[in-house]
Amino acid sequence: MKLNGWKRIGIIASVVWILGAGVYTFKVTNDADIKAASGLTLSCEEAHNWRGSDECDKRSTAYLAEVAPYEPIKAALVAFVPVPLGWGFVYLVLFLVRWVKRGFMRTV
């Protein structure tokens, strides 16, 4: 199978998307979870007047342990799902353009 230039560009763009979107999404969700855990600790300390309490730290650690396993799944979904959708959309557009073009060709 011979790949033309456009397909090669598409493959490179797909690999760049998978790597970039996966790493970016993982970092953003990880940072958001850490920020939420810090906020949980602060609100716990303020609500109960437990400054530096181990109980509040345990709650935020439990929260992180609960949400951390889902971070790679979210990153994988954002990285991999758009790739086949994008390829399918491009091939659908090409099919439609060629179909319309054939409709304007002269029939002899």
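A compact table of results
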read-out: Residues of the stretch 55-82 that turn out to be more than 11 Å from the chain's Cα centre (by Cα) and β-branched (Val, Ile, Thr), as a count; value: 2
read-out: Subset tally (residues that are surrounded by 10 or more Cβ atoms within 10 Å (Cβ to Cβ) and either modelled with pLDDT of 90 or more or of a type outside the set (A, V, I, L, M, F, W, C) (or both)) for the stretch 50-64; value: 10
read-out: Filter pass, Ala37 being under 30 Å from Lys7 (Cα atoms), aliphatic (A, V, I, L, M), part of a helix (DSSP H, G or I) and in contact with a helix residue (DSSP H, G or I) (Cβ under 6 Å, 6 or more places away or on another chain); value: no
read-out: Only one of Phe95, Phe104, Phe80 that is out of contact with any strand residue (DSSP E or B) (no Cβ under 6 Å at 6 or more places or on another chain), under 30 Å from Lys7 (Cβ atoms) and exposed (fewer than 10 other Cβ atoms within 10 Å of the Cβ); value: Phe104
read-out: Positions within the stretch 67-86 being among the small types (Gly, Ala, Ser) and either modelled with pLDDT of 95 or more or under 22 Å from Ile11 (Cα atoms) (or both), in sequence order; value: Ala75, Ala76, Ala79, Gly86
read-out: So Thr41, is it surrounded by 16 or more Cβ atoms within 10 Å (Cβ to Cβ) and touching a Cys at 6+ places or on another chain (Cβ under 8 Å); value: yes
read-out: Selected residue [closer than 21 Å to Leu77 by Cβ, loosely packed, with under 15 Cβ neighbours inside 10 Å and either under 24 Å from the mean Cα position of the chain (by Cα) or not charged (D, E, K, R) (or both)] from Ala47, Ala36; value: Ala36
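The values are calculated or read from the model by the stated rules, or taken from the named source; none is laboratory data. A quick note: this is a predicted structure, and the numbers were derived from the prediction, not measured. Neighbour counts are summed over all protein chains in view; Cβ atoms, including those assigned to glycine, are modelled from backbone coordinates with ideal geometry.
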